[in-house]
Amino acid sequence: MRVFHSPLHARHDGGVELHRGQLVPCFEMPARADYIARALRDVGHAFVEAAEHDDSRLARVHDAAFVDFLRTAHARWREEGRDGSMLPSGFPARSLRRDRVPAGINGAMGYYAFDAGTPIVGGTWTAARASAHCALSAAEDVLSGSTAAYALCRPPGHHAARSAYGGYCFLNNAAIAAQRLRDGGVERVAVLDVDYHHGNGTQDIFWTRGDVLTVSIHGTPETEYPWFLGFDDETGEGDGAGGNLNLPLPRGTDWTAYTAALETALAAIRRFQAGALVVSLGVDTFEGDPISAFRLGADRFPQIGARIAALGLPTVLVQEGGYAVAEIGLNVAGVLGAFTE
Ligand code: Q9C
Ligand code: ZN
């Protein structure tokens, strides 16, 4: 199938993050995309550089002021005489909440971020925008008649909400792709999120919408990031009531329990009668992932791909997480190999 990519991903390189009491290199590093590209080239997928798209496509699922913040954040930081990685140091949690964007960059950063593990550097906006372009180009490939297309998105997107960033994500590539399919005439779109972490951003964006079903299989937020969303009683509201399905699973989940959840997810997508599917394809469910705790071997990814492909829907696969860098390409190629195109 076609692989939509951009060399601009490398402009986002966050540096270090705090992990289990130590500053370590960011798990979400440029090498991830390079390893995926190498593995996909080796098995003969067709590489296409993502096309430029207008920023109005981003504002279909994100708040305009939030997009402006991302676009200008690092320049504002430099105007204050700083450089390097931007990380927030205060958040409007509970007693501090007034839903007011502070004028200064430090406060604005805390307002829009929901964790302190998602650095913004000088190239972050360029890379995040190019990542969204990969998703848009893949969606347009499917609108043009391809049965499946893959967006080699980096940075990832599924944690990014309408007006919040975090979890290594800035713009919600999967939501942008789903909206592009809707705008291209697909009346009902399903998003299946198989990343290890709950797709809180995608859930947020489509929470009150009946035209996009969101389904996420993930490590339980009782112990796993993002901790505050992803429980099974979150089912949507208003027109979106019943349009969100969370399937949290415990640490240590093996293939038997995983496939049961996957079949539940696929059954919900079949019932919804979607005209197209977006897959938030995280491969951090792999047993060797350094920040996750499911027990899926590399041999399971072709089986996951085969089950998803059996839905028979036009499918846009969007790269999300996966931090076992040496194996990430093999695992992504395993899923993609199950699709005929
Ligand atoms: N120091 C995605 O997979 N940090 N995001 C966990 C590690 C956040 C994962 C703690 C993990 C976010 C797209
Ligand atoms: Zn993840």
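Within 10 Å, count the other beta carbons around each residue, average over each peptide in 19-29, 215-225, and list them highest first.
Numbers: 19-29: 13.5, 215-225: 21.2.
Highest-to-lowest ranking by the protection proxy: 215-225, 19-29.
Past the 32 angstrom mark, what percentage of all C-alpha to C-alpha distances in the chain do you count?
Working: 12486 of 57970 pairs.
For the chain, the fraction of Cα-Cα distances above 32 Å is 22 percent.
Neighbours of E237, meaning other residues whose beta-carbon lies under 15 angstrom from its beta-carbon, give a summed charge of -3 when Lys and Arg score +1 and Asp and Glu score -1. Between region 138-170 and region 1-27, the C-alpha centres lie 16 angstrom from each other.
Shape class of region 60-117 from the alpha-carbon gyration tensor: oblate, with a/c at 1.5 or above and b/c at least as large as a/b.
Rounded, prolate or oblate: pick one for region 205-326, where a ≥ b ≥ c are the square roots of the eigenvalues of its C-alpha gyration tensor, a/c under 1.5 means rounded, and failing that, prolate if a/b is larger than b/c, else oblate. Show your work: numbers first, answer last.
On the way: a/c = 1.86, a/b = 1.29, b/c = 1.44.
Oblate, since a/c reaches 1.5 and b/c is not below a/b.
Its residue count N fixes a reference of 2.2 N^0.38 Å for region 54-191, and the Cα radius of gyration divided by that reference is 1.11.
Cβ under 9 Å from T118's Cβ, T118 left aside: what net charge do those residues give with Lys, Arg +1 and Asp, Glu -1? Walk me through the intermediate numbers first.
Values: positive: none; negative: E17, E28, D115.
Local net charge: -3.
Across region 7-51, the convex hull enclosing all Cα atoms gives 76 Å³ per residue.
Of the candidates A93, A135, A164, which one comes out as most mobile in a Gaussian network treatment of the chain with C-alpha springs shorter than 10 Å? Taking springs between Cα atoms under 10 Å, the residue moving most is A93.
The numbers here are math on the coordinates, done by the rules we state, and not lab data. If you're wondering where the values come from, they're calculated on a predicted model, not measured in any experiment. Virtual Cβ from ideal backbone geometry, glycine too; neighbours counted across all protein chains shown.
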